[in-house]
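A short write-up of the structure that comes next.
The values are calculated or read from the model by the stated rules, or taken from the named source; none is laboratory data. In this text the structure is predicted, and so the values were computed from the model without any measurement. Positions of Cβ are generated from backbone atoms using ideal geometry, with glycine treated the same way; all protein chains shown enter the neighbour counts.
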Amino acid sequence: MSIVGIADAAAIGLLYFVIASGLTLILGSLRILSLAHGSVYLAGGYLAWLLHADTPSGFVLACGAAIPTGIAIGGLCAAVTWPLRAYGHLAQALATLGLSLIGGQLIAAATGGTWLPAKPPPPLAAVINLAGHRYPAYRLGFIAVAAVIAAGLWWVMTLTRAGIVVRAVADDAQMAASTGIRPSFVHTGVFAAGTTLAVLAGVLAAPILPAGPGVDEQLLVWSLIIVVLGGPGDLRGALAASLAAGTVSAIGVVVLPTLAPFLLLVLVLVALVVRPAGLGRSLA
């Protein structure tokens, strides 16, 4: 694979990871399959379009706005799903599906249901020389930022008290509550973190994968594929699965363009046979 192919595989893989990491965190820690994840990404794409993220000031503003937007959406999801915990995971998943449909309709009404054009802000809109090949500078910048996000998530979940608390609630919520931890607070915090990652992904990846009709369903499927490949709640597994999926996608577009959309499904089937528990070690 050429250096451009490696860069494309890394960019696609890390795009998968940034989008799916929030779903992995929510599913692994709260045991809730959030079906609103794709629509949350659309919210980030909408912010990028609304705040003119193709300008330096607009890009910074959109990234900043992604945080309170993600927290607000996560708080709403948490408020809807927390009272349903006694009715099982299916009820909670259906509740997030309802929120997804509402959110998708609101964004469609605000934008006319069209694709939202997105361009990188200068100077990241430039094309640079990469080993003798012309390559978008924004993709390299996205790779760097996504790598920082991955490292930051690993640090938070592994080396901080917040990560220990989340893992404790995931393992045994009642035991954690007996030590003074409030599971409802953790429930809200994890949802807020997961949705913030998805909104931020929508802003950062807008020039690579613009928001538009059907993108929310597509991204939800991609996220589920990454969760299955990596193992629910395992960020290391999600990163490995994302890079593997990115490599398969990058190679498939060049070698078998007509079959490229199906190669990820083949990868899932092979992984389920070889490593049914996922590529990494789950929190569960």
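For the stretch 108-146, give me each residue that is at positive phi and in contact (Cβ under 8 Å) with a residue 24 or more places away in the chain. I'd like the intermediate steps shown before the answer.
Let us first name the residues in the stretch 108-146 that are at positive phi, namely 112-113, 131-132.
Hits for the stretch 108-146 are 113, 131.
Being in a helix (DSSP H, G or I) and touching a helix residue (DSSP H, G or I) at 6+ places or on another chain (Cβ under 6 Å) is the filter here; which residues of the stretch 52-66 pass it?
Restricting attention to the stretch 52-66, the residues satisfying the condition of being in a helix (DSSP H, G or I) are 56-66.
Within the stretch 52-66, 62, 63, 65, 66 qualify.
Here's the yes/no breakdown for (1) touching a strand residue (DSSP E or B) at 6+ places or on another chain (Cβ under 8 Å); (2) within 24 Å of residue 34 (Cα to Cα):
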| site | (1), (2) |
| --- | --- |
| 70 | no, yes |
| 85 | no, yes |
| 91 | no, yes |
| 100 | no, yes |
| 106 | no, yes |
| 118 | no, no |
| 124 | no, no |
| 135 | yes, no |
field: Yes/no for residue 69 being among the polar types (S, T, N, Q), part of a helix (DSSP H, G or I) and modelled with pLDDT of 95 or more
entry: yes
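Before we move on, is residue 272 surrounded by fewer than 13 Cβ atoms within 10 Å (Cβ to Cβ) and modelled with pLDDT under 85?
Numbers: surrounded by fewer than 13 Cβ atoms within 10 Å (Cβ to Cβ): no; modelled with pLDDT under 85: yes.
Considered against the rule, which asks whether it is surrounded by fewer than 13 Cβ atoms within 10 Å (Cβ to Cβ) and modelled with pLDDT under 85, residue 272 comes out as no.
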